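K.L.:
Dropping a structure here in structure tokens format, bear with me for questions.
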Amino acid sequence: MMEAFEQFYHNDVVVVDGTEPAREGKDAQRKAIEEWGNMVQEMHGGGVNSITSDEANGITTVESWTEITFKDGNRMKFEEVGVQRWEGDQIVHERFYHSMTE
């Protein structure tokens, strides 16, 4: 995951995740990913349900899911849609819409 992040995210990327304030810059997003990973005890599976793209406008949308157990013992299925705006070969803006169920 981090290898793809390093390759495909622009240094000035802006990431919006739910109602949290936007994260600006690759360093801020890297830190958020690492913090999230530190809360996970075990991943039980995951996958991509669908991918769409609008190449003329540089937009992709990915619907995915992950089932995880957090270090506090809660096991959840995490479903999300990520909408990404690309410039060239890198993501410059990404917004996540998600839900979690136990």
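K.L.:
Taking only the stretch 56-102 into account, find how many residues are in contact with a strand residue (DSSP E or B) (Cβ under 9 Å, 6 or more places away or on another chain), exposed (fewer than 10 other Cβ atoms within 10 Å of the Cβ) and on the phi < 0 side of the Ramachandran plot.
P.N.:
4
K.L.:
Considering every residue within the stretch 33-49, establish whether at least one is touching a strand residue (DSSP E or B) at 6+ places or on another chain (Cβ under 7 Å) and within 16 Å of ASP89 (Cβ to Cβ). Step through it out loud before you land on a result.
P.N.:
Quick first cut of the stretch 33-49, residues touching a strand residue (DSSP E or B) at 6+ places or on another chain (Cβ under 7 Å) only: 39-49.
Right, trim to within 16 Å of ASP89 (Cβ to Cβ) and you get none.
Within the stretch 33-49 (the criterion being touching a strand residue (DSSP E or B) at 6+ places or on another chain (Cβ under 7 Å) and within 16 Å of ASP89 (Cβ to Cβ)), the answer is no, since none of the residues qualifies.
K.L.:
Hey, does the stretch 33-47 have a residue that's surrounded by 11 or more Cβ atoms within 10 Å (Cβ to Cβ) and in contact with a helix residue (DSSP H, G or I) (Cβ under 8 Å, 6 or more places away or on another chain)?
P.N.:
Yes, the stretch 33-47 contains a residue that is surrounded by 11 or more Cβ atoms within 10 Å (Cβ to Cβ) and in contact with a helix residue (DSSP H, G or I) (Cβ under 8 Å, 6 or more places away or on another chain).
K.L.:
May I pose another question? Need pairs with beta-carbon distance below 7 Å; first residue in contact (Cβ under 8 Å) with a residue 12 or more places away in the chain and closer than 14 Å to TYR9 by Cβ and within the stretch 82-102, second assigned to a loop (DSSP other than H, G, I, E, B) and not β-branched (Val, Ile, Thr); sequence gap 6+ or separate chains.
P.N.:
ARG85/GLY58; TRP86/GLY58; GLU87/GLY58; PHE96/GLY18
K.L.:
If you don't mind, there's one more thing I want to ask. Can you find a residue in the stretch 15-24 that is hydroxyl-bearing (Ser, Thr, Tyr) and either in contact (Cβ under 8 Å) with a residue 60 or more places away in the chain or surrounded by fewer than 13 Cβ atoms within 10 Å (Cβ to Cβ) (or both)? Spell out the reasoning first.
P.N.:
Within the stretch 15-24, the subset hydroxyl-bearing (Ser, Thr, Tyr) is 19.
Of the ones still in play, those that are also either in contact (Cβ under 8 Å) with a residue 60 or more places away in the chain or surrounded by fewer than 13 Cβ atoms within 10 Å (Cβ to Cβ) (or both) are 19.
Yes: the stretch 15-24 contains one or more residues that are hydroxyl-bearing (Ser, Thr, Tyr) and either in contact (Cβ under 8 Å) with a residue 60 or more places away in the chain or surrounded by fewer than 13 Cβ atoms within 10 Å (Cβ to Cβ) (or both).
Bear in mind that the values in this text are calculations on the coordinates, not laboratory data. Bear in mind that the values here come from a model prediction, so they are computed numbers and not experimental data. Ideal geometry is used to build each Cβ from the backbone, glycine not excepted, and the neighbour counts take in all protein chains shown.
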